[in-house]
Amino acid sequence: MHKNDADFTHRSVLLDEVLSLLETASGGTFVDATLGLGGHSEAMLESSTAVYVTGIDQDGEALERAGKRLERFGSRFKSVHANFSAIGDVVQIESVDGIVADLGVSSMQLDDESRGFSFRFDAPLDMRMDASSDGITAAELIAETNEEDLANIIYQFGEERQSRKIASRIIEKQKNGEPIETTRQLAELLERTVKRSPKDKIHPATRTFQALRIAVNGELEILEQFIADSLKVLKIGGVLAVITFHSLEDRIVKHAFQRLGGKCICPPRIPQCVCGAAKRVDILTRKPVIPTDDEQRDNPRSRSAKLRAVKKLGLDRES
């Protein structure tokens, strides 16, 4: 299922807050590191005729659709087919006034029945952000991972307490000659396996689907490097804004920003700092910015969003 052009009216998460932090109304060169359907890019380009945006996305379909949406801005917008972790290759060192990264799965990907991100549809269990890549799919990951490692993936990336039970059932089913190759097969197994209290509104499949998506795309492994590389391409005074949608991502961003802000995050018993803390940024968001009640009501998917931002200083820069 592919949504029509009417979906381009969908408002990106924390849009006003991002524009305010990046100060796009003053013009400048910006990077939308996770372009998606181009909502943040469009708003930045509309905020000033002196704004230029480079949009990065590993999803070819997203690039095509965002390109059509933003073609009216002419040369002020350009797109690049790449993972956001390649920002250091896409733009030159100290050439950018601001960067925004809206992490996680886009509405387009979730609503596309063929991509395998959602348990709401029956589809091949894929979950690759770049469907054209030769990377491992979620079905292949399940088939090729042993029980202990699969349990660890589900626990670490999905924060699913019943991970060992889930992994055991998955492996057992495959040993019986029943490979799990579709979202429905996995969702039905999880519904039978995961027990939730009546007060728990989270679907039994939610955390496991999240874990597999993160593992397939290596999302957490590349996040810290993205932050470090983003700092290198920002001009002095440039701003990096990152929107996360689950606690694992937010924790990584929080700790990375604290370390760049000069706060040592080493355990208290360590005699000297080994985390590399040095003040290279000012933290603009002491607490994460979250959507207003109105935004959460209008867009339920925004409820878990958290926005953090830093401004690059001119001292103690990385080489």
Next item on the list: Considering each of L234, L190, L186, L141 in turn, give the residue that is touching a residue at least 24 places away in the same chain (Cβ under 8 Å), under 23 Å from K306 (Cβ atoms) and either touching a Phe, Trp or Tyr at 6+ places or on another chain (Cβ under 8 Å) or not hydroxyl-bearing (S, T, Y) (or both).
Entry: L234
Item checked: Top-ranked residue in the stretch 246-283 [being basic (K, R) and assigned to a loop (DSSP other than H, G, I, E, B); ranked as surrounded by the most Cβ atoms within 10 Å (Cβ to Cβ)] -> R280
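Each row is one residue, and each column tells you yes or no for (1) of a type in the set (D, E, K, R); (2) more than 17 Å from the chain's Cα centre (by Cα); (3) under 19 Å from L103 (Cβ atoms).
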| position | (1), (2), (3) |
| --- | --- |
| A211 | no, no, yes |
| N217 | no, no, yes |
| Q225 | no, no, yes |
| H246 | no, no, yes |
| D250 | yes, no, yes |
| V253 | no, no, yes |
| K287 | yes, yes, yes |
Item checked: Filter result for the condition that a residue is at pLDDT 95 or above, touching a strand residue (DSSP E or B) at 6+ places or on another chain (Cβ under 8 Å) and part of a helix (DSSP H, G or I), over I171, I243, I227, I236 -> I227
Check: Counting only residues that are over 18 Å from S230 (Cβ atoms) and touching a helix residue (DSSP H, G or I) at 6+ places or on another chain (Cβ under 8 Å), how many does the stretch 260-276 have?
Finding: 2
Check: Out of the stretch 194-241, which residues are hydroxyl-bearing (S, T, Y) and loosely packed, with under 14 Cβ neighbours inside 10 Å?
Finding: S197
Checklist line | Condition met for A211 (in contact with a Gly (Cβ under 6 Å, 6 or more places away or on another chain), among the aliphatic types (A, V, I, L, M) and not assigned by TED's automatic domain parsing to the domain that holds R303) | finding: yes
Checklist line | Scope the stretch 174-184; condition polar (S, T, N, Q), part of a helix (DSSP H, G or I) and surrounded by fewer than 16 Cβ atoms within 10 Å (Cβ to Cβ); matching residues | finding: Q174
Next item on the list: Report the residue count in the stretch 280-308 for those that are under 20 Å from A228 (Cα atoms) and either of a type in the set (K, R) or outside the structural domain of L231 (by TED's automatic domain parsing) (or both).
Entry: 4
Note to self: I'm told E46 meets every condition in (1) surrounded by fewer than 23 Cβ atoms within 10 Å (Cβ to Cβ); (2) in contact with a strand residue (DSSP E or B) (Cβ under 7 Å, 6 or more places away or on another chain); (3) more than 21 Å from V91 (Cβ to Cβ); (4) not hydroxyl-bearing (S, T, Y) except one. Can you identify the failing condition by its number?
What the structure shows: (2)
Checklist line | Answer residue from the stretch 10-36, given it is touching a residue at least 40 places away in the same chain (Cβ under 8 Å), in a helix (DSSP H, G or I) and of a type outside the set (A, V, I, L, M, F, W, C) and is surrounded by the fewest Cβ atoms within 10 Å (Cβ to Cβ) among those | finding: E17
Notebook entry, point to check: Restricting the search to the stretch 5-64, which residues are farther than 24 Å from N217 by Cβ and either of a type in the set (G, A, S) or within 16 Å of the chain's Cα centre (by Cα) (or both)?
Noted result: A6, L15, S20, A25, S26, G27, G28, A43, S47, S48, A50
Next item on the list: For A101, work out the one condition from (1) in a strand (DSSP E or B); (2) over 18 Å from I243 (Cβ atoms) it doesn't fulfil.
Entry: (2)
Note to self: Being in a helix (DSSP H, G or I), within 23 Å of the chain's Cα centre (by Cα) and surrounded by fewer than 18 Cβ atoms within 10 Å (Cβ to Cβ) is the filter here; which residues of the stretch 150-168 pass it?
What the structure shows: N152, Q156
Check: Quick one: what pairs do we get from the stretch 166-182, first residue among the small types (G, A, S), second buried (at least 18 other Cβ atoms within 10 Å of the Cβ), C-beta under 6 Å, 6+ apart or different chains?
Finding: A167/L150; A167/A151
Next item on the list: Might you let me know whether the stretch 292-299 holds any residue that is assigned to a loop (DSSP other than H, G, I, E, B) and either on the phi > 0 side of the Ramachandran plot or at pLDDT below 90 (or both)?
Entry: yes
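The values are calculated or read from the model by the stated rules, or taken from the named source; none is laboratory data. Given the structure is predicted, the values throughout are model-derived calculations rather than measurements. When we count neighbours, we look across all protein chains shown, and the Cβ atoms used for this are built from the backbone with ideal geometry, even at glycine.
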